[in-house]
Amino acid sequence: MSKKNTLIFLMDICGHEGLCDEFAQRYRTYALQDIINDAYVDRENCVIASTHFLEGYVRSEELWKQATLDRGWSWIKVQKTENFSVLGERLKDVGFDLSAENTNIIYGGTNTSGCVLNSSSFSLNKFCERGYSCQLYLPLCDDGQIAGINGFDKSQKAFARLYQYIKKENYIPNIDILTSYAELIVPRSDKRYDYIST
């Protein structure tokens, strides 16, 4: 039996730096680096996909370089307005099977109750509609566009909206909401990936 694939999907990973606090940006960076630096993740069965980076967002470009050039990850990019089938085609190009029966989705990004949840061609609800098992990894999420006095307040409001939506749409069986890296379904390898510093 073949190992189940995992797709890590990052929606608008650049964030909205002018609307987000620095702690949230640093925490998301840490959460992603925790995954990409794990030398025992099976990179043949685990791929990163994201929406395109915005011009001038150095943090996102540096994370991409670290993941792909130093740590051996495949990372594909899509426009969030493209058709969902484009994602499958680009993943085939790197030897990744996106079938719902064989793929777990780890999801994170900007605006948990907006683009992450349901307002883009690649939002979490689009994966649920197609029968994928999804893990919303909150350390990869941020909520710059929700009104609030700080990141904590914004995150609480976003989580409440998220919960109400997934309950109403009956997506609870499809989505686990997690905060610990140890709980993520990530294919493991017996062989350590030896990274190359660039």
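The values are calculated or read from the model by the stated rules, or taken from the named source; none is laboratory data. Being a predicted model, the structure only gives us computed values, none of them experimental. Virtual Cβ from ideal backbone geometry, glycine too; neighbours counted across all protein chains shown.
Brief remarks follow.
- Per this entry, LYS65 is counted among residues that are not in a loop (DSSP other than H, G, I, E, B) and not small (Gly, Ala, Ser).
- Extreme residue, nearest to the chain's Cα centre (by Cα), among residues of segment 153-198 that are acidic (Asp, Glu) and part of a loop (DSSP other than H, G, I, E, B): GLU169
- Selected residue (only one of LYS154, LYS80 is modelled with pLDDT under 95, surrounded by 16 or more Cβ atoms within 10 Å (Cβ to Cβ) and farther than 17 Å from ARG28 by Cβ): LYS80
- Screening LEU91 on (1) surrounded by 12 or more Cβ atoms within 10 Å (Cβ to Cβ); (2) in a loop (DSSP other than H, G, I, E, B) shows it passes everything except condition (2).
- Annotation note: Cβ proximity below 7 Å between a residue of segment 175-193 that is in contact (Cβ under 8 Å) with a residue 12 or more places away in the chain and a residue that is small (Gly, Ala, Ser) (sequence gap 6+ or interchain) occurs for ARG192/ALA39; TYR193/ALA39; TYR193/GLY72.
- Number of positions in segment 135-147 that are over 19 Å from the mean Cα position of the chain (by Cα) and surrounded by 15 or more Cβ atoms within 10 Å (Cβ to Cβ): 1
- Residue, modelled with the highest pLDDT, within segment 1-37, restricted to residues that are in a loop (DSSP other than H, G, I, E, B) and closer than 16 Å to GLN66 by Cβ: ASN37
- Residue match in segment 38-48 (condition: in a loop (DSSP other than H, G, I, E, B), of a type in the set (Gly, Ala, Ser) and either modelled with pLDDT of 80 or more or touching a Pro at 6+ places or on another chain (Cβ under 8 Å) (or both)): yes
- For SER60, the criteria (1) modelled with pLDDT under 95; (2) surrounded by 13 or more Cβ atoms within 10 Å (Cβ to Cβ); (3) touching a helix residue (DSSP H, G or I) at 6+ places or on another chain (Cβ under 8 Å); (4) at negative phi hold in every case but one, which is (3).
- Residue in segment 35-50 that is in contact with a Leu (Cβ under 7 Å, 6 or more places away or on another chain) and charged (D, E, K, R) present: no
- Taking the conditions (1) farther than 23 Å from VAL86 by Cα; (2) assigned to a helix (DSSP H, G or I) in turn, PHE127 satisfies each one other than (1).
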